[in-house]
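Please treat every number below as a calculation from the coordinates, not as lab data. Keep in mind it's a predicted model, so treat the numbers as computed, not measured. Note that each Cβ is placed from the backbone with ideal geometry, even for glycine, and that neighbours are counted across all protein chains shown.
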Amino acid sequence: MADAGMLRFHVPEPEVRPGGTPDFSNVSIPKAGSVPRPKIDVDPRDIRDLAFSIIRVLNRAGEAVGPWAGLLSDDELLEGLRHMMTLRSFDARMQMAQRQGKTSFYMQHLGEEAVSCAFRKALSRGDMNFPTYRQAGLLIADGYPMVTMMNQIYSNEADPLKGRQLPIMYSSKEHGFFSISGNLATQYIQAVGWAMASAISNDQKIAAAWIGDGSTAESDFHSALVFASTYKAPVVLNVVNNQWAISTFQGIARGGSGTFAARGLGFGIPSLRVDGNDYLAVHAVAKWAAERARSNLGPTLVEYVTYRVGAHSSSDDPSAYRPKAESDAWPLGDPIVRLKNHLIQRGVWSDERHAQAEAEILDTVISAQREAERHGTLHAGGKPSARDMFEGVYAEMPPHLRRQRQQAGV
Ligand SMILES: Cc1ncc(C[n+]2csc(CCOP(=O)(O)OP(=O)(O)O)c2C)c(N)n1
Ligand SMILES: [Mg+2]
């Protein structure tokens with residue numbers, strides 16, 4: 001019998017709150033190597049189950065197993081490890097710089113380094129990412145200078161964006177990193193539009209859209225999927241499910257579909273879930289999706305299952321809404337430790353070499369920081385000129401702005 005009583009309103013709640021014992025027993029994790037690797041021209045209807053599984057390559061023993069393994073050489077993996085370690089070290093120094101008042105704001109990637117670092121390696125030069133604030137690994141893994149990133153964070157005289165963007169909102173056309181917009185989900189419609197334009201002009205460049213679990217609640221996410229599926233745009237649609245959207249757990253934005261990847265199924269888009277803390281799996285799935293886009297097979301939606309170990313941003317205190325030890329309980333481990341163990345298992349790395357690399361990387365980050373600080377920090381040293389805020393928008397400056405510039409005396 002249907003319940004004809006009073007109507008009820010349902011608000012999903014996370015499993016545990018501060019003070020409770022972290023519990024991820026509801027996250028079902030398939031064995032590494034157990035999920036098949038379909039051909040890129042597979043009929044999306046035949047792989048609907050991939051939206052409910054998790055593609056994994058690295059097993060508990062640190063071996064790379066299954067059909068998604070074997071794409072990267074040891075040297076490429078060593079380079080990937082270095083990129084992730086660099087991003088972690090960069091994050092730690094910049095977080096500290098924020099606490100020292102050298103910048104107003106910072107956002108870390110702790111625990112999510114594999115996603116952006118490995119993804120970058122699946123793209124080609126000229127392809128365009130439309131990133132959120134949590135994909136600086138796209139720049140690090142592409143060799144973008146750390147000093148330039150720091151100059152942007154400090155809004156100093158060498159900031160390529162001249163203090164006009166929030167710290168960490170980088171932009172580099174040459175490195176396929178579209179200017180970050182603080183308005184989340186706009187990345188999706190922009191990436192799909194850019195991909196359509198690329199196809200219309202018979203180019204070979206593909207686009208990658210980025211969004212977090214929480215931001216998939218935005219209408220832009222859905223509009224983008226309509227356009228991407230209808231016009232078979234050459235785009236990879238990335239959803240980074242790091243379990244949290246500031247203090248809101250992922251169950252709020254996910255809706256009833258069970259997973260974020262499953263949201264793509266209603267649009268007929270091939271949708272895959274991947275272990276976001278497994279560098280090899282992220283790279284293999286990204287490569288698969290990029291090949292589909294480049295072969296005119298249309299969009300792919302990829303959900304990276306990961307965990308945001310750090311605070312949302314330097315303005316956030318997660319102890320107010322989740323148990324402190326929750327990140328230790330996260331069942332997919334740490335991306336750096338997992339790749340390190342794999343390389344040790346392959347006989348090309350060791351604990352000693354790892355410790356040495358850590359020290360070398362820290363030195364490199366510190367000397368980049370020294371160089372950036374010579375150009376100034378938030379409250380000290382060189383600053384962009386106030387004149388800069390009038391530049392770079394209009395080809396010809398409208399009279400009211402010219403007047404304001406004169407009034408400012410710059
Ligand atoms: C359109 C829009 N709404 C709200 C915000 C404020 N905001 C900034 S970050 C954030 C949480 C986003 O969470 P998620 O999409 O899961 O990304 P994550 O930070 O976890 O990487 C919110 C609500 C925003 N920047 N843009
Ligand atoms: Mg999130």
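May I ask you to sort Ser181, Ser73 by Cβ crowding, counting other Cβ atoms within 10 Å and putting the fewest first? Don't skip to the end; give the middle numbers.
Numbers: Ser181 16, Ser73 9.
Ordered by Cβ neighbours within 10 Å, fewest first: Ser73, Ser181.
Kirkwood Rh, Cα Rg: Rg to Rh for region 97-207? Walk me through the intermediate numbers first.
On the way: Rg = 14.5 Å, Rh = 14.7 Å.
A ratio of 0.98.
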Worksheet item: Of the residues Arg88, Arg308, Arg164, which exhibits the maximal mean-square fluctuation in a Gaussian network model of the chain defined by a 10 Å Cα contact cut-off?
Response: Arg164
Worksheet item: Expressed as a whole number of Å, what is the distance separating the alpha-carbon centroids of region 253-303 and region 1-34?
Response: 23 Å
Worksheet item: So what's the gap between the Cα centers of region 65-116 and region 193-245, to the nearest angstrom?
Response: 24 Å
Worksheet entry | Dimensionless Rg over Rh [the chain; C-alpha; Kirkwood] | 0.98
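Using Cβ counts within 10 Å as a stand-in for footprinting exposure, how do Leu71, Leu138 rank, fewest first?
Ascending number of Cβ neighbours within 10 Å: Leu71, Leu138.
For region 187-303, what is the convex hull volume of the alpha-carbon atoms per residue, in Å³? Could you put the intermediate results ahead of the total?
Details: hull volume 10.2 nm³, N = 117.
In region 187-303, the Cα convex hull volume per residue is 87 Å³.
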Worksheet, complete the sentence: With R₀ set to 35 angstrom, the calculated FRET efficiency between the beta-carbons of His379 and Asp328, to the nearest 0.05, is 0.45
Worksheet item: Over all distinct alpha-carbon pairs, what is the Kirkwood Rh of region 255-404 in angstrom?
Response: 21.1 Å
Worksheet entry | Mean ellipticity per residue at 222 nm, deg cm²/dmol - from DSSP H runs of n ≥ 4 across the chain, formula -39500 (n - 2.57) | -11000 deg cm²/dmol
Response to the item:
Here Rg/Rh (Cα, Kirkwood) for region 57-150 equals 1.02
Practice prompt. For Lys39 and Glu13, calculate 0.36 nm times their separation in residues minus their Cα-Cα distance, and state this gained length in nm to one decimal.
Written response: 5.5 nm
Worksheet item: Top mean-square fluctuation among Asp49, Asp127, Asp159, Gaussian network model of the chain, C-alpha springs under 10 Å?
Response: Asp49
Item to complete: Give the Cα extents of region 282-345 along the principal axes, in whole Å, largest first.
Response: 47, 34, 20
Fill in: Per-residue Cβ neighbour rank within 10 angstrom, fewest leading, Trp68, Trp194
Trp194, Trp68
Item to complete: Name the most mobile residue of Asn238, Asn296, Asn277, meaning the one with the largest mean-square fluctuation, in a Gaussian network model of the chain with Cα contacts below 10 Å.
Response: Asn296
